[in-house]
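The values are calculated or read from the model by the stated rules, or taken from the named source; none is laboratory data. Quick caveat, the model's predicted, so the values are computed rather than measured. Cβ sites come from the backbone with ideal geometry, for glycine too, and all protein chains shown count toward neighbours. Side chains are part of the model used for accessible areas, which takes the heavy atoms of the whole protein and leaves out ligands, DNA and RNA. Shrake-Rupley method; radii C 1.70, N 1.55, O 1.52, S 1.80 Å.
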Amino acid sequence: MALPATLKQLGAIPGVIVIILAALLTEKSIEMLLRFTRASKSASYSGLAGDAFGGFGRTLLQGCIVINNLGTLVVYMIIIGDVLSGTSSDGVHYSGVMEEWFGQHWWNSRSNFLLLTTLFVFAPLISFKRVDSLRYTSALSVALAVVFVVITAGIVIVKFINGSIGMPRLLPKLVDQASFWKLFTTVPVLVTAYICHHNIHPIENELRDVSQMKSIVRTSIVLCSTVYVATSFFGFLLFGDHTLDDVLANFDGELGIPYSSLLNDVVRVSYVIHVMLVFPIVFFSLRLNMDGLFFPYAIPIAYDNRRFFSVTAALMCFVFLGANCVPSIWDAFQFTGATATVSVGFIFPAAIVLRDTHGIATKRDRLVSLVMILLAVSSSTVAICSDIYSIFNIGIEA
């Protein structure tokens, strides 16, 4: 939902190109992870990091996964709050679905509604101890993401036919040096969009035929890339320079076509359900790595009910509080995406290849790994510096 805002920053052509490049890099990093996992006979991503760098590397990776997943789940809850209870940007209030349907009441205020969602939706879904228990909800979430793309594309096509939509801005708008550096703030969002490395091993461990994993990864990335390109392009085409950090918040007014109100509600509600169904998948690996971080020598968490529910409750409380304190998904993406997410998705896989404890890395692997680390470190550093500059600049202006 933040991808259309990346196209607003980069322009349509560079934005689509960067989304596709991020997909190619992700596919390569996962392919290397799988290859080195089999060579080391590791059963987890943290185990592979431990094989390459010892206990410190294992702990550092688990910490990065925890930070990444916590940030992602906070973003999911912010999206739910934005859509159902409304949000404000630059002094303008964008109404939420529940606010439009029932008016303002105590139960549909942002914090109260997120609390109800946590208790009655997330609590049951995050209580499963095996990731394959979520296969049906995961499949439904993918279908709902496609529904969002189809409806948004349909709206754009109708508006294009009746001549009420303009040509999108193809290139970035560069007016000064600050606007150039701001382009790099899109990197954390793009990296976060493809981060799935922490789920690779739990899924592979539950497959009957592990040789399927490579085709599963490739199919998933192709599907994600298609949805991401379509979402970002049609979202930016529809709202142009008025595209918000969370594009769902744009679907609260007149779209200029028949049944606008109905389509707005279908788009927002379907995508909120999609986010709710994706939430437990990300939470699964968060809980696994948090437990490994604090109880590295204990029995698996799935066999200890007290530990399982204690860790689950503590993490869910933290995510709930984060969603009520962080102002927007762009803010949440910037710092987790530029640090922990980049490390999990690109720096650790590349470093494992360069370490090459089993002597299986090719020259091409090493070259790709060096490029990955260079791109990840340089772009993230610029993104963080740009964010810090923006914060201080806003403070000075205030």
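Just a few scattered comments:
- Loop-exposed chymotrypsin sites (Phe, Trp or Tyr not before Pro) per DSSP, neighbour cap 16 Cβ within 10 angstrom, longest uninterrupted part of the chain: 129-258
- Once the chain from Ser270 to Ile161 is taken as fully extended at 0.36 nm per residue, the excess over their C-alpha distance is 36.7 nm.
- Average Cα contact separation per residue, region 1-395, under 8 Å, 6 or more apart, as relative contact order %: 35
- Cβ-based net charge around Arg366, under 12 Å, with every Lys or Arg adding one and every Asp or Glu removing one: +1
- Potential lengthening between Glu100 and Ser127 on full extension [0.36 nm per residue; Cα-Cα distance subtracted]: 6.5 nm
- Considering only Val342, Gly154, Thr6, the residue lying farthest towards the positive end of the dipole of the chain is Val342, judged by Cα position with unit charges set on Cβ.
- Cut-off of 10 Å, at most 14 other beta carbons, DSSP loop: longest stretch of the chain lacking such GluC sites (Glu not before Pro): 1-205
- Angle of helix 45-85 to the longest C-alpha principal axis of the chain, folded into 0 to 90 degrees and rounded to 10: 20°.
- Overall form of region 214-335: prolate. Here a/c, set by the Cα gyration tensor axes a ≥ b ≥ c, is 1.5 or more, and a/b is the larger of a/b and b/c.
- Average accessible area per residue (Å²) across region 1-157 - probe 1.4 Å, nucleic acids and ligands excluded: 41
- Lys, Arg +1 and Asp, Glu -1 on Cβ, resulting dipole of the chain about Cα centre, debye, nearest 20: 1300
- With 25 Å as the limit, the listed pairs Lys41/Lys363; Lys159/Lys182; Lys41/Lys214; Lys214/Lys363; Lys182/Lys363; Lys182/Lys214 have Lys159/Lys182; Lys182/Lys363; Lys182/Lys214 beyond it between alpha carbons.
- Heavy-atom accessible surface of region 1-395: percent carbon and sulfur, 1.4 Å: 69
- For region 26-59, trypsin sites (Lys or Arg not before Pro) are listed when DSSP marks them as loop and at most 13 other Cβ atoms sit within 10 Å of their Cβ; the list is Lys41.
- Shown is the FRET efficiency for His242 and Arg135, computed with R0 = 25 Å from the Cβ-Cβ distance and rounded to the nearest 0.05: 0.05.
- Remark: spin-label model distance Val210-Leu370 equals 3.1 nm, labels positioned 7 Å along the Cα→Cβ axis.
- Across the alpha-carbon atoms of region 1-395, the computed radius of gyration and Dmax are 21.0, 65 angstrom.
- In the context of the full set of protein chains, residues of region 217-260 present 44 Å² of accessible surface per residue (probe radius 1.4 Å, heavy atoms only).
- With 0.36 nm allotted per residue and the present C-alpha distance subtracted, the Ala313-Tyr389 stretch has 23.7 nm of extension available.
- Projected-area mean, region 67-187, by convex hull of Cα positions, square nanometres: 11.9
- Dipole check for region 1-146: with +1 at the C-beta of Lys and Arg, -1 at the C-beta of Asp and Glu, and the Cα centre as origin, the magnitude is about 660 Debye.
- Taking Cα atoms only, the orientation of helix 305-325 departs from the longest principal axis of the chain by about 40 degrees.
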